[in-house]
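Here's the structure, in structure tokens; my notes come after.
The values are calculated or read from the model by the stated rules, or taken from the named source; none is laboratory data. None of these values were measured; they are calculated from a predicted model. Heads up, the Cβs are rebuilt from the backbone with ideal geometry, glycines too, and the neighbour counts pull from every protein chain shown. Surface accessibility is based on the protein's heavy atoms, side chains included, excluding ligands, DNA and RNA. Shrake-Rupley method; radii C 1.70, N 1.55, O 1.52, S 1.80 Å.
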Amino acid sequence: MTASVSAGSAGVAAGSAGSAGVPTTGAEASLSKAQLAHRWIRARISDGSFSPGYRLVLGQIAREIGVSTVPVREAIRLLEAEGLVTFERNVGAQVAMLDVTEYTHTMQTLALVEGYATALSAPRLDPETLLRAREINTEMDECLHHFDPVRFTSLNREFHSALFEACSNAHILDLVQRGWSRLGTLRESTFSFVPGRAHESVAEHTALLDLIEDGADPLQIELAARDHRLGTLNAFLAQQHAAPSASASAP
């Protein structure tokens, strides 16, 4: 893909900005230009403005945010170290493609350990925690009206954390947290790839909470949590399989 950064794409956040063309209020005022450039580019990768394969042209990004190419180059090196950007000879820097195999294995593993952790955690959840989980899910439902995949993903992690963090097995809990961290490295938001899955996810959250509040059998809770995680994986894989045929049939 050879798309480049357009002058008006994404733009600079509203509000006060420094000479670098990026917000410099609060703590951000003390950041270096490279750090600000890193945040600027990373935010656009996270929200899908810069999609996988998107070509990152240093000069155009530098003009967009009002800095020289030097801090932009440093920012891109940081993003490359984080696995979010790749560099190829004669192509340059571009947003990294999602590693489908790695993502699949991570989601399959997380489905197993998180399902079990949720089942172990369920009897230990107090009414306040369950109420908070419902409130988070309500926020996720409201988020669907003006869909923000990054915000939705943040709420999604908060929701699931509320349900599995009371797990009595510290080793299982560690595996779950490692799985979530790996997902964050692979891609900030899977829902930017399969936004339609978000509606189903909210409904499944409600069903899972109902099971926990009703004191359902632990195995039933475990399978519901596991199937919920695999549902997102299956939606992503279905989209991946459909994409080549869709592009092939395009005029």
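Got a number for residues in segment 203-226 being of a type in the set (D, E, K, R) and free of Cβ contacts under 8 Å to residues at least 60 places away in the same chain? Number satisfying all stated conditions: 4. Of the residues screened, Thr86 is one that is of a type in the set (S, T, N, Q) and under 25 Å from the mean Cα position of the chain (by Cα).
On inspection, Met140 fails the criterion of being within 21 Å of Phe236 (Cβ to Cβ), under 22 Å from the mean Cα position of the chain (by Cα) and open to solvent by 30 Å² or more (accessible area, probe 1.4 Å). Put simply, of Arg124, Arg77 the only residue that is closer than 30 Å to Gly215 by Cβ and either out of contact with any strand residue (DSSP E or B) (no Cβ under 9 Å at 6 or more places or on another chain) or of a type in the set (Lys, Arg) (or both) is Arg124.
Please specify each residue of segment 107-149 satisfying the condition of being of a type outside the set (A, V, I, L, M, F, W, C) and within 15 Å of Leu173 (Cα to Cα).
Thr109, Glu114, Gly115, Tyr116, Thr118, Ser121, Arg124 - these are the residues of segment 107-149 that are of a type outside the set (A, V, I, L, M, F, W, C) and within 15 Å of Leu173 (Cα to Cα).
For Ser201, state whether it is hydroxyl-bearing (Ser, Thr, Tyr) and in a loop (DSSP other than H, G, I, E, B). Considered against the rule, which asks whether it is hydroxyl-bearing (Ser, Thr, Tyr) and in a loop (DSSP other than H, G, I, E, B), Ser201 comes out as no. Applying the criterion of being over 20 Å from Leu31 (Cα atoms) and among the hydrophobic types (A, V, I, L, M, F, W, C) to the residues of segment 49-78, the residue that is most open to solvent (accessible area, probe 1.4 Å) is Val57.
Table: residues versus (1) surrounded by fewer than 18 Cβ atoms within 10 Å (Cβ to Cβ); (2) more than 10 Å from the chain's Cα centre (by Cα); (3) at pLDDT below 90.
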position	(1), (2), (3)
Leu130	yes, yes, no
Ala133	no, yes, no
Leu144	yes, yes, no
Pro149	no, no, yes
Asp174	yes, yes, no
Gly179	no, yes, no
Glu188	no, no, yes
Pro195	yes, yes, yes
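Screening the candidates Leu186, Leu144, Leu163 for the property of being in contact (Cβ under 8 Å) with a residue 40 or more places away in the chain and closer than 16 Å to Ala117 by Cα yields one hit, Leu163. Quick one: would you say Val202 is among the β-branched types (Val, Ile, Thr) and open to solvent by less than 20 Å² (accessible area, probe 1.4 Å)? When the stated conditions are applied, Val202 passes them. Quick check, is Ser46 open to solvent by less than 30 Å² (accessible area, probe 1.4 Å) and at pLDDT below 75? In short, yes.
Just to confirm my filter: which helices (runs of 4 or more DSSP H) fall fully inside segment 45-158 and include at least 1 residues that are of a type outside the set (Val, Ile, Thr) and within 20 Å of Gly184 (Cβ to Cβ)?
By residue number, 69-81, 100-121, 127-143.
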